[in-house]
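Q: One structure coming up, written as structure tokens, with questions to follow.
Every number here is computed from the coordinates shown, using simple stated rules; none is lab data. Just so it is clear, the structure is predicted and the values come from calculations on it, not from any experiment. Neighbour counts run over all protein chains shown; Cβ positions are idealised from the backbone, glycine included.
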Amino acid sequence: MATYIVGDIQGCFDPFMALLAKIKFNPDRDRLWSVGDLVNRGPENIETLRWFYAHRDNVKMVLGNHDLHLLAVACGARKPTRKDNLDDVLVAPDRDQLIEWLHFQPLAHHENGVTLVHAGIPPMWTVKDTLDRAWEVENALQGARCQEFLREMYGNDPYVWEDSLSGMDRLRVITNYLTRMRYCTRKGKLDLVSKGPKPIPDALIGKKVAPWFSHKKRLTRGETIAFGHWASLEGMTDDPQVIALDTGCVWGGSLSAYELETGQRVACDCKGITNSAAS
């Protein structure tokens, strides 16, 4: 039995199938973990969701920012943007079943010494902090005030965690850390503007930012963490225990998988694969 962690698929179903063939994934024997962003921007979102739902007993995933956005659009809390490519899900006859399943997926998962998140963990949180605070958002997603949460989760404020935060401010900053973060200060103040391999100068005036995983005194140093979200890293970090898996499939890069038992990476070139929905 092997456990594979796959990067951001974002509706690129044909490359995903090619990657599974390349690693010889056997759903009767192997397990697949996903760092989230199953949907959006790629052409075959519904096929991707259906595959994960059909194999849900062998799959672990965490929600990414695009998955949360789909939930918001599906319940009417947010209008689609011109960049969205979610219509195949929204008009599907089985959309309600798939959306309900997505609602019950976590924002963080920890198993066998590995923590799975979409974007990252801020320097001042432990793994336990991360799981506890992820649960707060999961509880909102699965509760009676779900639509209110999905409507109010958008935005950048507050930029930094404080234990005293409450209500939507608290849930929003947790969501931003786990699904949108790339750069932050050592105390966790977010730079949500910079997206490249280097931060934009003075994105936070007077504050020194670095990739969340590069802070020397982060409380998760020594932990194994797998994440996606950051395609411009091209799968590279400065810590071998921090595994970056978004290698930009939807942008013409590659789709990557990491085998937990061996540490081996396998990638499928997305440029050479024609997606049937795009042709």
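Q: FRET efficiency for residue 87 and residue 54, Cβ-Cβ distance as r, R0 = 22 Å, nearest 0.05? Numbers along the way, then the final one.
A: On the way: r = 21 Å, r/R0 = 0.97.
According to the calculation, E is roughly 0.55.
Q: Show the residues, 5+ positions off or on another chain, whose built amide H is closer than 5 Å to the amide H of residue 34.
A: Answer set, sorted by chain and number: 6, 60, 61, 62.
Q: I would also like to ask the following. For segment 25-159, what percent of Cα pairs sit more than 21 Å apart?
A: Numbers: 3938 of 9045 pairs.
The share of Cα pairs beyond 21 Å in segment 25-159 comes to 44 percent.
Q: Applying the Karplus parametrisation 6.51 cos²θ - 1.76 cosθ + 1.60 with θ = phi - 60° to the phi angles of segment 142-157, what ³J(HN,Hα) value in whole Hz is obtained for each residue in order, glycine and proline being reported as x?
A: 9, x, 5, 9, 4, 4, 4, 4, 5, 6, 9, 6, 6, x, 9, 8
Q: Return the long-range amide H neighbours of residue 41 (sequence gap of 5 or more, or a different chain), with a cut-off of under 5 Å between placed amide H atoms.
A: 85
Q: Output ³J(HN,Hα) for segment 48-59: one whole-Hz value per residue in order, computed from phi by the Karplus curve 6.51 cos²θ - 1.76 cosθ + 1.60 with θ = phi - 60°, and x for Gly and Pro.
A: Taking θ as phi minus 60°, the curve returns 5, 4, 4, 4, 5, 5, 5, 10, 4, 6, 10, 10 Hz for segment 48-59.
Q: Residue 259: net charge of surrounding residues, Cβ under 14 Å, Lys/Arg +1, Asp/Glu -1, itself excluded?
A: Values: positive: 22, 24, 29, 31, 265; negative: 30, 261.
Around residue 259, the charge tally is +3.
Q: Just to confirm my numbers, what's the Cα centroid distance between segment 174-219 and segment 226-240 in Å?
A: 14
Q: To two decimal places, what compactness ratio does the chain give when its Cα radius of gyration is scaled by 2.2 N^0.38 Å?
A: Values: Rg = 17.7 Å, N = 279, 2.2 N^0.38 = 18.7 Å.
Compactness ratio reported: 0.95.
Q: Could you tell me how far the Cα centroid of segment 93-149 sits from the Cα centroid of segment 21-91, in Å?
A: 14
Q: Cut-off is 10 Å between beta-carbons; in what order do 180, 265 appear when sorted fewest neighbours first?
A: Numbers: 180 17, 265 14.
Fewest-to-most ranking of 180, 265: 265, 180.
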